[in-house]
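The values are calculated or read from the model by the stated rules, or taken from the named source; none is laboratory data. Values in this document were obtained by computation on a predicted structure and should not be read as measured data. We place every Cβ from the backbone using ideal geometry, glycine too, and count neighbours over all the protein chains shown.
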Number of protein chains: 2
Amino acid sequence: MKIAIIGISGQMGKWFASYFIQNNHEIKGYDINLKGLSELSENLNFEASDSLQKAIDNVDLILVAVSLEESSSTLLKLVKLVKAGVTIIDVSSIKSSVFITLKQLSEKNLNVVALHPLFGPGLPFNSVKKFALIPVSDSVQELKTINLLFPENETTLVSLEDHDKSMAYLLSLPYFANLSFASAMIDQDINSMKNLSGTTFAVQLTLAESIMHNPDLITSLTLVNPYSIEVLDKFKNKLDLLIKSAKTNKESLGTEISLIKDGLAQDLDFDQAYKKFYKMYMSLDQD
Amino acid sequence: MKIAIIGISGQMGKWFASYFIQNNHEIKGYDINLKGLSELSENLNFEASDSLQKAIDNVDLILVAVSLEESSSTLLKLVKLVKAGVTIIDVSSIKSSVFITLKQLSEKNLNVVALHPLFGPGLPFNSVKKFALIPVSDSVQELKTINLLFPENETTLVSLEDHDKSMAYLLSLPYFANLSFASAMIDQDINSMKNLSGTTFAVQLTLAESIMHNPDLITSLTLVNPYSIEVLDKFKNKLDLLIKSAKTNKESLGTEISLIKDGLAQDLDFDQAYKKFYKMYMSLDQD
């Protein structure tokens, strides 16, 4: 298949390019950041294009892997440029801002797939690829496209609203829990404190530091998602309530904690959590 | 050595009893919860006492491993009962509430050790034992006692104020970060959401669930520590600030995040965090 990858210089763009090349597809690549594109094309072995128009000329499939901020405008450009019969796959992590344009594209007699890869660019090519699929017009056809390109996939169908709302809980919420945790303690001498630290702190600190690997992603995923602020305000109110109950008395805090425990117990993996946590902690000591 | 363990039915009490028995000490044990004590004494092979007075009669060393709420009153009783020449080790995790009584005991010509074991009851006996030592009167003598009983130890000396303040950051802060995270999302269908979840959420959820292994400890460690509320209020204010900047614009949130990143970078392990985080995540999938 002849595939154009838009945003090929990004981490996910590179991953898809390499994956497709390994699976014997022919790749054309474009990126708004033209600098370094020709070098990348030599390394990965794809045809570099210096415009969006040239990149999508004569291809069967267009995969859009641009940054969250660019995805809406990139897709709007494609509405004008693209010819009937082509398949378009958008892989942005938040879909509210692109969904109207994806609908518009699908009405031009195009096969449009709103896909969210639930993995990062470190995934080995032969691993099972977990995706969320937000149906645009014909979910059967859209699933067929995924199965053809990624034979080993686990794909969850989810509505636009449920998807983006879930992402507010799954991404923005843990990001802000870690940011505020870190923010409260960076004025302390972390290296000295670590001499006194137990297991929970060690794991939480590693998590907080690891999200700093890509700070721009935190900002984008939060600000592009229309449900994030609502979930973050809820988080703040729950923290308020917990601190108030800690200021009241032992019973009050105890009641709050036991409600939380009951809520978490709905998770089918709840009983394994302590064991799994200890395994995580032990893995920190290995080199 | 003849050692009395007060609070022997608790998790840490049991750990110390088994450790000392393995190292050929003679153990007497007492617990306010008398039920089950005789059965435990048969299993572990120590002499059960049905009163504090009887337990400490004729011993060289008294290790106090009662709950945080009981430790102050237990030590006050010991002030009246204990005879000169005995060593007393208190192993409670927060020291503010017991320190005056420990000082009082030391003035009765007793060797008093304010020790905080920085490990849980799952630690293998032959592992290095990490301790915090809060000097009471003669730190050289107190360290000697630790080296004698636990030849393989790593002990950090720290003042009362620094110790308890650090515990507010190391214990109460991550506990409340996890409690509020969990509280904000337990009204969602966790099992469905997990189909869509990425790496950060998976690790954070496991952590939040694992602290529910011992909810009473969260309450005690927070309410007994005079510095906890101050640190939790700070945490709330930092979260407020982050949410406000998210509501302002991208630059504002970006600036906050980059200040946090700079602060975390003081940690000598910061550069390894992403790699370590991935190892933790991968360990979740193993059985």
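When B:LEU78, B:LEU34 are checked against the criterion of being of a type in the set (A, V, I, L, M) and crowded, with 16+ Cβ neighbours inside 10 Å, a single residue qualifies: B:LEU78. So is A:LEU63 assigned to a helix (DSSP H, G or I), under 18 Å from A:ASN111 (Cβ atoms) and either within 19 Å of the chain's Cα centre (by Cα) or not polar (S, T, N, Q) (or both) or not? No: the conditions fail for A:LEU63.
Against the conditions (1) under 20 Å from the mean Cα position of the chain (by Cα); (2) touching a residue at least 12 places away in the same chain (Cβ under 8 Å), B:ASP162 satisfies every one except (2).
Residues of the range B:266-277 being facing chain A (nearest Cβ under 7 Å) and not charged (D, E, K, R), which ones? Walk me through how you get there before you give the answer.
Step one: of the range B:266-277, the residues facing chain A (nearest Cβ under 7 Å) are B:266-268, B:270, B:273-274, B:276-277.
Across the range B:266-277, the qualifying residues are B:GLN266, B:LEU268, B:PHE270, B:ALA273, B:TYR274, B:PHE277.
Residues that are aliphatic (A, V, I, L, M) and more than 22 Å from A:LYS238 (Cα to Cα) were ranked within the range A:196-213; the one that is farthest from the other protein chains (Cβ to nearest Cβ) is A:ALA202. Of everything in the range B:232-246 that's of a type in the set (A, V, I, L, M) and facing chain A (nearest Cβ under 7 Å), which residue is nearest to B:PHE176 (Cα to Cα)? Filtering the range B:232-246 for residues that are of a type in the set (A, V, I, L, M) and facing chain A (nearest Cβ under 7 Å), the one nearest to B:PHE176 (Cα to Cα) comes out as B:LEU232. Beta carbons closer than 7 Å, at least 6 apart along the sequence or on distinct chains, pair a first residue in the range B:9-21 that is over 20 Å from B:LEU52 (Cβ atoms) and modelled with pLDDT of 95 or more with a second that is polar (S, T, N, Q) and surrounded by fewer than 20 Cβ atoms within 10 Å (Cβ to Cβ) for B:ILE21/B:ASN45. Which one of these does A:ASP285 not meet: (1) modelled with pLDDT of 95 or more; (2) more than 7 Å from chain B (Cβ to nearest Cβ); (3) farther than 26 Å from B:THR219 by Cβ? Every condition holds for A:ASP285 apart from (1). Only one entry in A:ASN43, A:ASN58 is at positive phi and either in a loop (DSSP other than H, G, I, E, B) or of a type outside the set (Asp, Glu) (or both), namely A:ASN58. Only one of the numbered conditions (1) more than 10 Å from chain B (Cβ to nearest Cβ); (2) under 25 Å from B:ASP269 (Cα atoms); (3) not polar (S, T, N, Q) is not met by A:PRO174, and that is (1). For the range B:220-230, a residue qualifies if it is within 7 Å of chain A (Cβ to nearest Cβ) and surrounded by 23 or more Cβ atoms within 10 Å (Cβ to Cβ), and exactly one does: B:THR222. Applying the set (1) in contact (Cβ under 8 Å) with a residue 12 or more places away in the chain; (2) in a helix (DSSP H, G or I); (3) surrounded by 21 or more Cβ atoms within 10 Å (Cβ to Cβ) to A:ALA202 leaves exactly one unmet item: (3). Of the residues A:THR155, A:THR145, the single one that is farther than 27 Å from A:LEU232 by Cβ, in a strand (DSSP E or B) and more than 8 Å from every other protein chain (Cβ to nearest Cβ) is A:THR155. Of all residue pairs spaced 6 or more apart or on separate chains, those with beta-carbon atoms under 8 Å, a first member in the range A:178-195 that is at the interface with chain B (Cβ under 7 Å from one of its Cβ atoms) and surrounded by fewer than 17 Cβ atoms within 10 Å (Cβ to Cβ) and a second member that is in a loop (DSSP other than H, G, I, E, B) and polar (S, T, N, Q) are A:ASN191/B:GLN266. For the range A:95-141, filtered to residues that are within 12 Å of another protein chain (Cβ to nearest Cβ), surrounded by 15 or more Cβ atoms within 10 Å (Cβ to Cβ) and hydrophobic (A, V, I, L, M, F, W, C), the residue that is nearest to A:LEU170 (Cα to Cα) is A:LEU118.
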